[in-house]
Amino acid sequence: MNTGQIDGLPSNPRQWTKDEMENLKKSIRDTPELLEARGAIVYPKDGKYIVLGGNMRLEAVRALGWKEMPCIVLPESLPVGKLKEIVIKDNGSFGEWDMDALANAWDDLPLSEWGANVAWGEVSHYDMATASDKDEVERRKREFEERMAAGEISEEDEEYQEFLEKFKLKKTTDDCYTPEIVYDGIADWVEKRYSVKKSDFVRPFYPGGDYKKEQYKESDIVVDNPPFSILAEIIRFYIAKGIRFFLFCPHLTQFSSSSSKACCLCVGVPITYENGANVNTSFVTNMEDPAIQFKSEPSLYAVVKAANDTNLKQKKRELPKYSYDKHIITTPFLSSLSRYGIEFSVPCTECEGISQLDAQKQSGKAIFGKGYIVSDRIVAEREKAEREKAEREKAERWELSDREKAIVARLNSRMSSF
């Protein structure tokens with residue numbers, strides 16, 4: 001074994017004192033069983049073994065004159081990012097760090113999370129996962145894409161959303177920078193709708209910016225995507241200052257963030273922002289008729305959706321969509337019936353497992369996760385279950401209470417006074 005280098009992996013940043021080495025030698029000599037439990041972690045390279053964890057233990061064993069030492073041999077397929085993580089975690093529980101080495105070669109990693117409590121600034125964090133997890137993340141991503149292409153799940157699927165939450169949603173709604181093509185479409189709509197000039201539009205919400213300190217001119221109109229977490233505060237500020245605005249806002253919390261002096265344009269159109277976050281977006285403005293509190297805006301919806309669709313096509317290939325004959329039953333269909341409390345079972349004598357249709361062979365496609373081909377009788381039962389599911393889906397809605405109906409009646413009475 002040796003302490004040689006691996007391409008992309010800096011030298012070990014651990015330091016130890018003479019006293020620490022002497023104490024370790026004594027521990028190994030007195031209780032060699034400890035060495036069996038905590039030997040060296042090595043990585044095979046060019047016929048040799050590079051020590052990633054246990055450098056100090058290796059030196060202690062050599063100093064004792066021992067010829068052997070237990071080792072854990074890592075697979076050669078591990079990426080450099082994982083090797084770096086192993087070095088830091090193995091060394092993070094004791095001893096001193098070579099701070100110059102950490103600052104010069106290791107400061108792009110989540111050292112604090114790995115046990116190296118460094119003294120300078122904030123260390124960066126991976127946005128999806130550590131390097132060792134990225135292959136698994138990509139595999140899962142491809143899996144979901146295949147299932148969506150097969151029509152087995154949609155982007156709203158609970159399992160898919162959990163995947164995004166775990167690995168992608170390090171991005172927050174306060175980091176939703178608008179794709180240029182989407183912003184331009186919205187800006188064009190605002191210009192035409194309110195007979196204003198795009199040359200008067202200002203965008204004070206940028207990294208490091210302070211919208212309160214922006215030098216607004218009387219002609220300025222804020223057309224921008226603000227941090228959603230402080231939207232109510234931003235709206236109050238602009239209303240108090242008499243500044244015109246047309247702001248993006250999250251659709252579901254639009255009413256709670258708005259003001260009585262601003263109009264909510266409720267479109268709820270999905271926008272995929274630059275950081276990948278997909279947010280149902282509406283808008284709030286003080287340029288509408290002040291007598292209107294909220295309204296739908298079909299033309300704005302159409303403009304934003306078209307721009308967002310174009311943006312997505314430019315950023316990634318569209319997944320092909322295909323569906324199966326009703327004689328093919330897959331697990332997503334069955335789980336949807338369970339969700340709505342619908343009983344459905346298929347006897348062994350009326351189904352046969354199938355992993356690929358003949359029609360899929362030429363394109364190299366297959367049924368994701370396998371499926372079953374069933375008899376005509378089962379298809380008839382399936383169609384009955386699907387009708388029942390459709391009815392239960394329609395019934396799953398919130399009704400108004402008597403108190404809320406009374407509010408409606410009060411609002412209706414106001415109309416008679418006009």
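The values are calculated or read from the model by the stated rules, or taken from the named source; none is laboratory data. Predicted, not measured: the structure shown is a model, and the values here were computed from it. Note: areas computed on protein heavy atoms with side chains; ligands, DNA, RNA excluded. Shrake-Rupley method; radii C 1.70, N 1.55, O 1.52, S 1.80 Å.
For segment 276-394, what does the alpha-carbon gyration tensor say about shape, rounded, prolate or oblate, given a ≥ b ≥ c as the root eigenvalues, a/c under 1.5 as rounded, and a/b over b/c as prolate?
On the way: a/c = 3.96, a/b = 1.84, b/c = 2.15.
Taking the square roots of the gyration eigenvalues as a ≥ b ≥ c, segment 276-394 is oblate.
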Rounded if a/c is under 1.5, else prolate if a/b is larger than b/c, else oblate: which is segment 183-302, with a ≥ b ≥ c the root eigenvalues of its Cα gyration tensor? rounded
Within segment 274-418, what whole-number % of the accessible surface is contributed by carbon and sulfur, with the 1.4 Å probe and all protein chains included in the calculation? 53
